[in-house]
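In what follows, a single structure is set out as structure tokens and then discussed.
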Amino acid sequence: MSRLRTPSPGAGPLHVVATPIGNLGDLPPRAQQVLRDVAAVCAEDTRHTRRLLAHFGIEAELVALHEHNEQQQAGRLVERLLAGDSLALVSDAGTPLVSDPGFRLVRAAREAGVRVSPVPGPSAVIAALSVAGVASDRFAFEGFLPARAGARRERLQRLAGEPRTLIFYESSHRIAETLEDMAAAFGADRHAVLARELTKLFETVLDGSLSALAERVRQDPDQRKGEFVVVVEGAGDDAGAALAEGRRIYALLSAHLPPSTAARLAAELSGAPRKALYGQ
């Protein structure tokens, strides 16, 4: 049985600081003060963070902490914290640890009895959900889908029956393909919202069916630029959820069985109409 960890006396705190996702005016006063006061700022990209700090007239020691060195850096940084230094952790944009490095440092700090304190602020996930106009009482954040088409489609098929609102990050290089794969996995008529460049100069928030959004992105090169958050409505009522689950099972079975057999078995397992699955 694990024990409750007791705070280490004399240790400095680790502040997890959210930074703007686009508009620099979104860095709140408390975050600015913390970044001024700490002994060092742990940053995903020190060049990017240096520009952010310079905008607010903040001078600070910067320590690189990214996916390639976090395992090694975490121990050294915890030593500094235990020696009494206070540190801040930031990512390039938004809230650290959300599809960004940092959890190893936070875990190591907590295991050492260091106080870890959030300085909340911008988050692309929450910003997109707040303007999407879809059910927000329950949602699942999936981060970035796999880059390889086969793995991405398999992941989407597994999510097809999920009743909660789904939120994804996507890059400009794959947004068109991803929307098409979502339409195939979730159904062309599933409602979704495409949030692009949130809080930035060319911010757009589009909503409609997945097929309509995919067509818009195909036709408009500007909608293939920038950073994207895709918010997809959940499978919904029992009938919709059964159909989504049937499509997921059918996609798996059809790789090994004749289509008619795959559709019959998928219908029996999911309760979805066989005719709605055949030929998917």
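Read-outs: derived from the displayed coordinates by stated rules, not from any lab. Here the structure is a predicted model, which is why all the values come from computation and not from measurement. Here the Cβ positions follow ideal geometry from the backbone for every residue, glycine too, while neighbour counts run over all protein chains shown.
Here the ratio of the Cα radius of gyration of segment 125-232 to 2.2 N^0.38 Å is 0.96.
Summing charges over neighbours of Ala212, with a neighbour being any other residue whose Cβ is under 15 Å away from its Cβ, gives -3 when K and R count +1 and D and E count -1. Amide H to amide H, with H built 1.01 Å from N, Val119 comes under 5 Å of Val16, Val17, Ala18, counting only residues 5 or more places away or on other chains. Computed per residue of the chain from DSSP H runs no shorter than four, each worth -39500 (n - 2.57), the mean residue ellipticity at 222 nm is -12000 deg cm²/dmol. To the nearest µm²/s, what D does Stokes-Einstein give for segment 238-277 at 37 °C and 0.692 mPa s, using the Kirkwood radius over alpha carbon pairs as Rh? The estimated diffusion coefficient comes to 352 µm²/s.
Residues His48, His68 in ascending order of nearby Cβ atoms (within 10 Å, fewest first): His68, His48. Let me check I've understood the local charge: for His191, count other residues with C-beta under 11 angstrom from its C-beta, Lys and Arg +1, Asp and Glu -1. What total comes out? Counting the neighbours of His191, the net charge comes to -2. Anisotropy class assigned to the chain is prolate, per the alpha carbon gyration tensor with a/c at or over the 1.5 cut-off and a/b larger than b/c. Backbone amide hydrogens, once placed in the peptide plane, bring Asp85 within less than 5 Å of Gly12, excluding anything fewer than 5 places away on its chain.
The angle between the Cα long axis of helix 238-253 and the longest principal axis of the Cα atoms of the chain comes to about 90 degrees, rounded to the nearest 10. Relative to the longest principal axis of the Cα atoms of the chain, helix 259-270 runs at roughly 60 degrees.
Amide H to amide H distances under 5 Å link Gly94 with Thr19, Ile21, where only residues 5 or more positions off or on other chains count and H is placed in the peptide plane. Ranked by the mean number of other Cβ atoms within 10 Å of their residues, highest first, the peptides 91-99, 242-250, 254-262, 73-81 come out as 242-250, 91-99, 73-81, 254-262. Peptides 56-64, 205-213, ordered by how many other C-beta atoms sit within 10 Å of their residues on average, highest first, read 205-213, 56-64. Could you tell me what percent of the DSSP beta bridges with both partners in the chain are antiparallel, to the nearest 5? The antiparallel fraction comes to roughly 45 percent.
Centroid-to-centroid, using Cα positions, segment 147-188 and segment 45-107 are 31 Å apart. Its residue count N sets the reference 2.2 N^0.38 Å, and the alpha-carbon radius of gyration of segment 1-143 equals 1.08 times that reference. Most simply put, segment 125-232 has about 75% antiparallel DSSP beta bridges, counting only bridges with both residues inside it. Within 9 Å, Cβ to Cβ, of Ala40, how many net charges do the neighbouring residues add up to if Lys/Arg are +1 and Asp/Glu are -1? Around Ala40, the surrounding residues sum to -1. Think of each Lys and Arg Cβ as +1 and each Asp and Glu Cβ as -1; about the Cα centre, that makes the dipole of segment 14-122 roughly 180 debye.
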